[in-house]
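Asker: One structure, as structure tokens, below. Some questions next.
The values are calculated or read from the model by the stated rules, or taken from the named source; none is laboratory data. Computed from a predicted structure; not experimentally measured. When we count neighbours, we look across all protein chains shown, and the Cβ atoms used for this are built from the backbone with ideal geometry, even at glycine.
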Amino acid sequence: MSSPAELRASFTPVETDRLLLLAVCEPDVDAAFAIHGNPETYRSHPDGVARAPAESAALLDGWQREWREVGFGFWAVRLAGDSRVLGFGGLTKRTFHERSVLNTYYRFDPSVWGRGYATEMAVAARALARRLLPELPVIVRTRPDNGAAQAVATKIGLTRAPELDDHMLTYVSHWQLP
């Protein structure tokens, strides 16, 4: 497996047809609170709303640490040529059902929902995962009432794995039961 520095060089910056994906950094803290503090953003997960800017700052600190220690993580997602952060998303290495996986995350400002940005970002994330970390399954975990997140998971080629569900639905790229 590549070193964190080698992974970081491949995972940021990333350009798609419309988006620029950059490792989160300190100046993204205001956008993090605007998105994560907006109750509409957390319609299907109301207890996840950030109540104060300090909560978003702590979240951002953890994301930055992941970039330093692992070499990839969540991006601040922008339209190419625009400085405004539309959302956050990417991959994190996690343990799920006692194995290492790449968890896919996407959370965007409600004003840009329905434009395909989450799918475009997640396609880029999955492509990088296949190329650089092919041994790790890519997963999406989402709440049963979050149809938009479920749609993104299927659009990027993940398959629903009900045997892995708990209070969340699970979608996977390649998963073989022991």
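Asker: Anything in segment 78-99 that is within 30 Å of PRO162 (Cα to Cα), assigned to a strand (DSSP E or B) and either in contact with a helix residue (DSSP H, G or I) (Cβ under 9 Å, 6 or more places away or on another chain) or modelled with pLDDT under 95 (or both)? List them, or say none.
Answerer: GLY87, PHE88, GLY89, GLY90, LEU91, THR92, LYS93, PHE96, ARG99 - these are the residues of segment 78-99 that are within 30 Å of PRO162 (Cα to Cα), assigned to a strand (DSSP E or B) and either in contact with a helix residue (DSSP H, G or I) (Cβ under 9 Å, 6 or more places away or on another chain) or modelled with pLDDT under 95 (or both).
Asker: Also, quick follow-up: Six or more apart or on different chains, Cβ under 8 Å: which pairs go from a residue in segment 62-84 that's farther than 16 Å from VAL123 by Cα to one that's surrounded by fewer than 12 Cβ atoms within 10 Å (Cβ to Cβ)? Could you list them?
Answerer: Within 8 Å, the pairs are GLN64/GLU26; GLY71/SER3; GLY71/ALA5; ALA80/GLU15.
Asker: Any residue at all in segment 34-46 that's surrounded by 14 or more Cβ atoms within 10 Å (Cβ to Cβ), among the β-branched types (Val, Ile, Thr) and under 18 Å from THR92 (Cα atoms)?
Answerer: Among the residues of segment 34-46, not one is surrounded by 14 or more Cβ atoms within 10 Å (Cβ to Cβ), among the β-branched types (Val, Ile, Thr) and under 18 Å from THR92 (Cα atoms), which makes the answer no.
Asker: Among the residues of segment 169-178, which ones are under 24 Å from VAL123 (Cβ atoms) and either modelled with pLDDT under 95 or of a type in the set (Asp, Glu) (or both)?
Answerer: SER173, HIS174, TRP175, GLN176
Asker: Inside segment 36-84, can you point out the residues that are under 27 Å from LEU136 (Cβ atoms) and among the aliphatic types (A, V, I, L, M)?
Answerer: ALA58, LEU59, LEU60, VAL70, ALA76, VAL77
Asker: If PRO144 satisfies every condition in (1) assigned to a loop (DSSP other than H, G, I, E, B); (2) closer than 19 Å to SER100 by Cβ but one, which is the exception?
Answerer: Condition not satisfied by PRO144: (2).
Asker: Looking at THR104, THR154, can you tell me which residue is among the polar types (S, T, N, Q), assigned to a helix (DSSP H, G or I) and either surrounded by 13 or more Cβ atoms within 10 Å (Cβ to Cβ) or touching a Gly at 6+ places or on another chain (Cβ under 6 Å) (or both)?
Answerer: THR154
Asker: Let me ask another. Taking ASN103 as the residue in question, decide whether it is in contact with a His (Cβ under 9 Å, 6 or more places away or on another chain), touching a residue at least 12 places away in the same chain (Cβ under 8 Å) and not basic (Lys, Arg).
Answerer: Numbers: in contact with a His (Cβ under 9 Å, 6 or more places away or on another chain): no; touching a residue at least 12 places away in the same chain (Cβ under 8 Å): yes; not basic (Lys, Arg): yes.
When the stated conditions are applied, ASN103 does not pass them.
Asker: Still on this structure, please answer the following. Might you let me know whether segment 116-136 holds any residue that is closer than 22 Å to ARG65 by Cα, aromatic (Phe, Trp, Tyr) and in contact (Cβ under 8 Å) with a residue 40 or more places away in the chain?
Answerer: For segment 116-136, residues closer than 22 Å to ARG65 by Cα, aromatic (Phe, Trp, Tyr) and in contact (Cβ under 8 Å) with a residue 40 or more places away in the chain: absent.
Asker: Looking only at residues that are in a loop (DSSP other than H, G, I, E, B) and at pLDDT 95 or above in segment 43-77, which one is farthest from THR104 (Cα to Cα)? Outline the logic, then answer.
Answerer: Let us first name the residues in segment 43-77 that are in a loop (DSSP other than H, G, I, E, B), namely 43-45, 49-52, 71-73.
Narrowing the set further to residues that are at pLDDT 95 or above leaves 71-73.
On the way: GLY71: 15, PHE72: 12, GLY73: 9 Å.
Out of the qualifying residues, it is GLY71.
Asker: Another one. Scan segment 127-147 for residues that are under 22 Å from SER44 (Cβ atoms) and touching a Ser or Thr at 6+ places or on another chain (Cβ under 7 Å) and report the count.
Answerer: The total comes to 7.
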